[in-house]
1. Kindly indicate which of M235, M223 is at pLDDT below 95 and under 21 Å from I154 (Cβ atoms).
2. Is it fair to say T4 is part of a helix (DSSP H, G or I) and out of contact with any Lys or Arg (no Cβ under 8 Å at 6 or more places or on another chain)?
3. Among the residues of the stretch 203-222, is any under 24 Å from G59 (Cβ atoms) and in contact with a helix residue (DSSP H, G or I) (Cβ under 7 Å, 6 or more places away or on another chain)?
4. Scanning for something of a type in the set (D, E), surrounded by 16 or more Cβ atoms within 10 Å (Cβ to Cβ), out of contact with any Leu (no Cβ under 7 Å at 6 or more places or on another chain) and in a helix (DSSP H, G or I), does the stretch 170-181 turn up at least one residue?
5. With the structure loaded, tell me whether F95 is of a type in the set (F, W, Y), closer than 25 Å to I135 by Cα, assigned by TED's automatic domain parsing to the domain that holds L126 and out of contact with any Ser or Thr (no Cβ under 6 Å at 6 or more places or on another chain) or whether it fails that test.
6. For the stretch 10-34, give me each residue that is surrounded by 18 or more Cβ atoms within 10 Å (Cβ to Cβ), out of contact with any Cys (no Cβ under 8 Å at 6 or more places or on another chain), in contact (Cβ under 8 Å) with a residue 40 or more places away in the chain and not hydrophobic (A, V, I, L, M, F, W, C).
7. May I ask you to list pairs of residues, at least six apart or on different chains, whose Cβ atoms are under 8 Å apart, with the first in the stretch 61-84 being farther than 17 Å from V139 by Cβ and the second being surrounded by fewer than 21 Cβ atoms within 10 Å (Cβ to Cβ) and of a type in the set (D, E)?
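The values are calculated or read from the model by the stated rules, or taken from the named source; none is laboratory data. Given the structure is predicted, the values throughout are model-derived calculations rather than measurements. Ideal geometry is used to build each Cβ from the backbone, glycine not excepted, and the neighbour counts take in all protein chains shown.
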Amino acid sequence: MDYTKIIVDEPLPQVRRITLNRPEKRNPLSNELRTQMFHALEDSDTNPDVRVTIIRGAGSCFSAGYDLASNVSKDQPFYTPAGLGNWPRHVVEGFFHMWDMAKPIIAQVHGYCLAGGTELATACDLVYVADDAKIGYPVVRSISPPDNQFYPWIVGLRRAMELMLTGDHMSGLEAVESGFANRAFPEAELEENVLRIAERVAKTPSDLQQINKRAVHRQMDAMGIRAGIRAGTEMQQLATYTATTQAHLAELREGLTAALSKRDSEFGDYRTSGKKS
């Protein structure tokens, strides 16, 4: 496959790196980009010379979310049955596809990590962030809860409720404190530290690492994570029928930037940061 939306390199022996490469748009997760990313992940998972994969974003951020300017129901990277809830069901399948891969995946997060970007990061096994990263799900203000209901599982009841009811973001330091991320570093030191950790992860052979991954995930399975997150896809679909969401979707069709600015203007953050005291 020709990679036009991502860059794949190998910065260290047995370490592969995927860079989301649409920096001019803050690395939106279009189906085209996701198709290439999943292809690269699967290739890493079956390549005996690769033991760990890093995902990062080019330019100013990790990813500001899904590509709202595209039709997400078209050209999905893998088949998900059509009908109500197709998109959240599709996203959740991708999340667990990454979880079930044999080899560890590391998210290297800087700048904005929003909406679909947060879903991508949580699908990774390890998450390392810049201390001033902005991690959140502002979509709850206008459309719906996340396609993937990860918050309660990752950050717990109280923090999840606060994030869901405000759409506010966490800094990288707050993401570590809440359990969303493993560790935070100054952005200038993030790449160096991620490579150092990846090198350590790669020291353990893949036939053991896949069991190590699975051992942790089986405990989450026993607590009901798969059933809970899959049940959340119906809640996400239901939310799209609210009057608020229907009005916002109409605004999005008129103009993406204006609609998102209107959404956040009362909060004075994200693209409207500094415009409200």
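1. Working: M223 fails: at pLDDT below 95.
Exactly one residue qualifies, and that residue is M235.
2. Answer is no for this residue.
3. There is no residue in the stretch 203-222 that is under 24 Å from G59 (Cβ atoms) and in contact with a helix residue (DSSP H, G or I) (Cβ under 7 Å, 6 or more places away or on another chain).
4. The answer is yes; a qualifying residue exists.
5. Answer is yes for this residue.
6. Scanning the stretch 10-34 gives Q14, P28, S30, N31, R34.
7. Taking only residues 6 or more apart or on different chains, the pairs are D75/E32; F78/E93; T80/E93.
One line per residue, one yes/no per condition, for (1) within 21 Å of the chain's Cα centre (by Cα); (2) over 21 Å from V140 (Cα atoms):
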residue	(1), (2)
E162	yes, no
L173	yes, yes
Q210	no, yes
R218	no, yes
A243	no, no
D269	yes, no
